[in-house]
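A short worksheet on the structure shown next.
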Amino acid sequence: MKDLFISDYGAAMRIVRQYFREHKWQRRSITAMLTIITACALSIWLMPIYTDYKLIDEIISPDPAVRKKATKLLTARAYEYPETLQRIIDAMDDDSDKRFMALRAILLRLGKFYTPDMNQEWMDRLRCMDLEATVGQPAVMPSVNPAVKATVASRRQLVYYMITSGRDNRFIRRGLRAAARDVSPTIRATAAVLATRLGDDEQLKSLLADVSPCVAAAAARDAGLAGRKSLAGPIAKRLYEFVPKSQSLPPLDASAKPAAKEIRQQERFYLREAVSCCAYALARLDAKKYSVVLCKLVAQVADKPLRDRLLAVMIVLNNAQGRTVVMDIIADSQFSGRIPPAMAIEAAAQMKIVSAGPVALDVLGRAARGEEGLLKPQVIASIDLAVALGLPCRGTINKLCSRLWYPDRPILLSRAARLLGVQARAEQPAGNNPSRDDCATTLQAGATYFLSRGEDDEIVTTPFASAAAAMAAWRLAPATEEFQTKTESKDADIEELTVKRTSAFFVRETVAVDQPDTGDIVAWGLGRSGIPEAFKLGEMFLPARGSKHREYNPAARATGAMLMVLAAQTPSQRQVAVERISRRLKREDFVGMGTGYCALLMAGRKEYLSKVLDLLGVDEFPLQRVLTALLVAGDKTALDQMFYNIVMPLDESLGLLTVHGLDDVLAETDPSLPLPCAAGPYDVQMWQMRILRDAYGLQCVGPRR
């Protein structure tokens, strides 16, 4: 049968071929007919494509009428046909910025521009186009005009977004070129971080040679942080240029107009910034070669704020020559009858210079006696030096805590309380030293301190210092119950009940207040202490269902949730914490529920990340709690918020680190970042914050999460 079919088919085809050979006009007509049918089919298929691309081309026509018509038709077609919408999206990658903006307008009308899966390069392109609008003749100093400052701040945020995006594409690099040629020195200085992150050493070298000292300072700082040793020579050249200028500035004229005075102060500040940043960079890039130069500079500089910054550079240098310079400054101060600068003492602490020990004991003794003339940074630095060297000073620090405990000294008292707790646990000669119980009593008094002042009898407390004191007291005698009871029989019919407050009582007193940051400080400090009783203390603050103990204070329950997660040392403890927190989520108020989300995120429940991120913009929720949760979870949005957000100034971030205790969290979650000195003067701290911000910016590479 098969052979018959093949034979018949072959015979039929031979007949057809023979027919068309004999009738050529019929062959031509059928061929033309097939051609026409194919052309019609192709035109039906290609016409929409041709129409779309024709409209996409006409959308930037010089004729306004053509542009308007093309926009209208293209919008209508994109609304009706998904294929047209996709062609618009594909055309967004066109080199023409005009076409990009016209197509963006259509996507905005259709609600298809800001989508979860949008191409992030579109945002990079928009930002670089905004930056290109202000390219011009570079100014030497930032403007003091408030209106100009506001516009510069908005443009600076655009560069911040590029830095923290972690991306490297043609639009990011185009934005870098625009920012590096901006009229404002502030924008050009910010571009230095982006240039360093992208590895564009040529652009960084260009910024280092900028006419503005603040731009050169930023470029030098970032080159030092990134280890660009090839730029050490140009940085040294700029240092030799800036030092004479900073030393030859005339004194400020008190009678000058405010605007003129601000400009003069600004000039002085940025020259100080340039010298200190160049010195910092050289200390990191080639300490061996430039050590002598930097040490001589510290000894010769007359500007005290600059000297303090250079003392911080000695910490980076950390060699025999640097230690000698630090001790020389301390010795000169003592010889002159003055207390050494705080940064000199702090440098001695971080470099662990043993010969500086008597200086710390002297300053702490003066503070304990209530002598005048001491500055808080000097006392804080002396505490740091005593901690670094392990100096025995129990009696002095106990007296200091008793005498100086007063509001408005959060950093000093927090560090003093922490040191007193360490001293109380250490073995020391009996002599005149207070006992362990005496130290505990002092710490307990600090934990419950309050002061009534003013005509209205306003109650003033020391929340952050009290939290530190309560933690130090608890470490001396860890307890998981607030009260310790003891029953004694006096005779057959009478029993005497003795109730004693434990260290847990004082911890609860500090967290059960209208100051949520104290709870976060306690949760982190005790949760990371490694003491097994810390988890049980968290269980006391957040009791299980059916427990005899009830906790009615929402702040204490919030602390308990955070503490249980941070103190959990085994998978079973972590599971208990997750189950207990999850059970109470729906029963808590807004802050309590948000705290539960933060605690669960720290416990590894990534599904709560979006809920925690939503809390970042809520003023009613404690910012430190959100930042702690994000840092523990490894989400860098926390650091974006702290360092690259113009709404949150660096001095506010400084307060979170040094006063609110977030520096301990950051030191554990990202130990590579250089933290500011708590004992440093404000000028040094802000300078170190700029170093910290840039160091984080250089880490922003690749996907953010």
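The values are calculated or read from the model by the stated rules, or taken from the named source; none is laboratory data. Small disclaimer: the values here were computed from a predicted structure and weren't measured. Cβ atoms come from the backbone with ideal geometry, glycine included; neighbour counts cover every protein chain shown. For accessibility, only protein heavy atoms count, side chains too; no ligands or nucleic acids. Shrake-Rupley method; radii C 1.70, N 1.55, O 1.52, S 1.80 Å.
Couple of notes before you dig in:
- Normalised contact order of the range 350-444, rounded percent, pairs of Cα under 8 Å and 6 or more residues apart: 29 percent
- Among (i) 35.0, 139; (ii) 27.6, 82; (iii) 37.5, 119, the entry that matches Rg and Dmax of the Cα atoms in Å as calculated here: (i)
- Residue-wise HN-Hα coupling along the range 197-203, computed from phi with Karplus coefficients 6.51, -1.76, 1.60 (Hz; x: Gly, Pro): 5, 7, x, 8, 5, 5, 5
- Carbon plus sulfur fraction of accessible area for the range 313-402, probe 1.4 Å, in percent: 53 percent
- 5 angstrom amide H check on Val460, placed H, neighbours 5+ away: Leu451, Ser452, Arg453
- With all protein chains modelled, accessible area of Arg415 [1.4 Å, Å²]: 60 Å²
- Only protein heavy atoms count here; on that basis, with a 1.4 Å probe, Phe505 has an accessible area of about 30 Å².
- Each peptide in 473-480, 495-502 receives the mean, over its residues, of other Cβ atoms within 10 Å, and ordering these scores from highest gives 473-480, 495-502.
- Charge dipole magnitude, Cβ of K and R +1, D and E -1 - the range 227-311, Cα centre, debye nearest 20: 300 debye
- Between the range 310-361 and the range 212-273, the Cα center-to-center distance that results, in Å: 25 Å
- Carbon plus sulfur fraction of accessible area for the range 599-705, probe 1.4 Å, in percent: 53 percent
- Sequence-separation-based contact order of the range 408-521, relative, with Cα cut under 8 Å and 6+ spacing, percent: 26 percent
- Lys, Arg +1 and Asp, Glu -1 on Cβ, resulting dipole of the chain about Cα centre, debye, nearest 20: 2600 debye
- Note that the range 617-629 has calculated 3J(HN,Hα) couplings of x, 9, 5, 6, 9, x, 5, 4, 5, 5, 4, 4, 4 Hz, one per residue in order, obtained from phi through the Karplus relation 6.51 cos²θ - 1.76 cosθ + 1.60 (θ = phi - 60°); glycine and proline are x.
- Crossing angle, helix 357-369 versus the chain [Cα axis fit, 0-90 degrees, rounded to tens]: 70 degrees
- Under 15 Å of direct C-alpha separation, and excluding same-chain neighbours fewer than eight residues apart, Lys399 reaches these aspartates and glutamates: Asp362, Glu371, Asp437, Asp438.
- Under a model in which nothing but the beta-carbon of Lys, Arg (+1) and Asp, Glu (-1) is charged, the range 180-329 shows a dipole of about 260 debye around its Cα centre.
- Under 18 Å from the Cα of Lys548 - aspartates and glutamates, other chains or at least 8 residues apart: Glu481, Glu482, Glu539
- Separation of alpha-carbon centers, the range 130-145 and the range 181-210, rounded to whole Å: 14 Å
- Residues Tyr449, Tyr552 ordered from highest to lowest accessible area at a 1.4 Å probe: Tyr552, Tyr449.
- The lysines within cross-link reach of Lys68, meaning a Cα-to-Cα straight distance under 30 Å and a gap of 8 or more places when in the same chain, are Lys54, Lys98, Lys112.
- Tilt relative to the chain, helix 2-22 - C-alpha long axis, 0 to 90 degrees, to 10: 60 degrees
- Relative contact order of the chain, pairs being alpha-carbon contacts under 8 Å that are 6 or more residues apart, as %: 9 percent
- When the Cα positions of Ala279, Leu385, Cys295 are compared along the charge dipole of the range 278-425, Leu385 comes out farthest toward the positive end, with charges on each C-beta of Lys, Arg, Asp and Glu.
- Estimated [θ] at 222 nm from DSSP helical runs (n ≥ 4, -39500 (n - 2.57)) normalised by residues in the chain, nearest 500: -22000 deg cm²/dmol
- Net lengthening on full extension, Asp117/Ala65 (0.36 nm per residue, minus Cα-Cα): 15.4 nm
- Under the Karplus curve 6.51 cos²θ - 1.76 cosθ + 1.60, θ = phi - 60°, whole-Hz ³J(HN,Hα) for the range 378-386, x wherever Gly or Pro sits: 5, 5, 4, 4, 5, 4, 4, 5, 5
- Selected from Thr461, Gly166, Tyr644, residue furthest toward positive end of dipole (the chain; charges at beta carbon): Gly166
- Apolar share of the accessible surface for the range 70-125: 52 percent from carbon plus sulfur atoms, 1.4 Å probe.
- Degrees separating the helix 571-584 axis from the principal Cα axis of the chain, which is the longest one: 80 degrees
- For the residue pairs Lys376/Lys536; Lys72/Lys611; Lys536/Lys611; Lys72/Lys149; Lys229/Lys352; Lys296/Lys636, the C-alpha atoms sit more than 32 angstrom apart in Lys376/Lys536; Lys72/Lys611; Lys72/Lys149; Lys296/Lys636.
- Rolling a 1.4 angstrom probe over the protein heavy atoms with all chains in place gives the chain an accessible area of 49 Å² per residue.
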